[in-house]
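Here's the structure, in structure tokens; my notes come after.
The values are calculated or read from the model by the stated rules, or taken from the named source; none is laboratory data. Here the structure is a predicted model, which is why all the values come from computation and not from measurement. Using ideal geometry, Cβ is built from the backbone for each residue, glycine included, and neighbour counts are taken over all protein chains shown. For accessibility, only protein heavy atoms count, side chains too; no ligands or nucleic acids. Shrake-Rupley method; radii C 1.70, N 1.55, O 1.52, S 1.80 Å.
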Amino acid sequence: MLKLYGSVNSRAMRVIWMAAELGLKYEHLSWDPRSPETRTPAFRALNPNARVPVIDDDGFILSESMAINLYLAKKHASPLYPADPKAEALALQWSFWETDRLDRQIVEYSRHSGALPAAERKPEIAEKAFKEVAPALDVLEVALGKSPYLAGPAFTVADLNVAGALYRALTIELAPWPKVNAWLSACWDRPAAKVARKIREG
């Protein structure tokens, strides 16, 4: 059976969403980032980076949420993994793009603009992060003006990976990016996305 290491409060949320899309059963070790469990020699043997998520798929060990989702979608021959090489390349492109342009930035903005206790927030960090978030949302807005989804006319792993990473953007004012707003809402309105969100939010 598939084993997933990582709490829904981590990037494992994207993997939990993917598992729900695929209807997979799995053993879930709900470990938070930087928790004592991730510092043990046993876990470091699985991922020397000591980070979650990690999966153990019948002995195949894989880390990094984007790679995990691409692997699971392809392994299970899901329509979420594009069969066309060009659409596949777009799914890879957007997954890699997100990790560079939005992943860390959206987290920093969210934390320092509202998620952290007021005494711990640093407005200068939030401002700096948003100066990187906004241009990335501009890029998404242009892309979604050409196609309803990132790799073509249908929802794929590309959308799941990027929308999953943009969970924190659900609480951001997205009026300047109407296409991003509509796309993000549609992605998170999927039944499998609601499963992941319910686990996180209770």
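Kindly rank 30-42, 169-181 from highest to lowest mean number of other beta carbons found within 10 Å of each residue.
Averaged packing, sorted descending, gives the order 169-181, 30-42.
What's the carbon and sulfur percent of the chain's accessible surface, probe 1.4 angstrom, rounded to a whole number?
55
Which three semi-axes in whole Å describe the equivalent ellipsoid of region 1-98, each the square root of 5 times a Cα gyration tensor eigenvalue, listed largest first? Each step should come with its number before you reach the end.
Values: eigenvalues 119, 40, 27 Å².
Those come to 24, 14, 12 Å.
How much accessible area per residue does the chain have, in Å², with a 1.4 Å probe? Don't skip to the end; give the middle numbers.
Values: 10260 Å² over 202 residues.
For the chain, the solvent-accessible area averages 51 Å² per residue.
Among A87, L2, M13, flag the residue with its Cα farthest along the positive direction of the charge dipole of region 1-101, charges on Cβ as +1 for Lys/Arg and -1 for Asp/Glu.
M13
Based on the alpha-carbon set only, what is the convex hull volume of region 96-202 divided per residue, in Å³?
For region 96-202, the hull spanned by Cα atoms encloses 99 Å³ per residue.
Contour minus end-to-end for R200 and A50, with contour as 0.36 nm per residue of separation and end-to-end as the Cα-Cα distance?
51.8 nm
Run the quick spin-label model on A134 and K146: label points 7 Å from Cα toward the beta carbon, then report their separation in nm to one decimal.
Result: 2.4 nm between the two label points.
Relative to a virtual label point 7 Å from the Cα of N9 in the Cα→beta-carbon direction, which members of region 30-44 show backbone nitrogen distances below 15 Å?
30-38
Let me confirm the definition first: pairs of Lys residues in the chain, 8 or more apart or on different chains, C-alpha distance under 27 Å. How many are there?
Here the count comes out as 26.
For region 132-183, max minus min Cα coordinate along each principal axis, in Å, sorted largest first?
Extents along the principal axes: 26, 20, 18 Å.
Compute the normalised compactness of the chain: alpha-carbon radius of gyration over 2.2 N^0.38 Å, N being the residue count. Working shown, then result.
Values: Rg = 16.8 Å, N = 202, 2.2 N^0.38 = 16.5 Å.
Output field value: 1.02.
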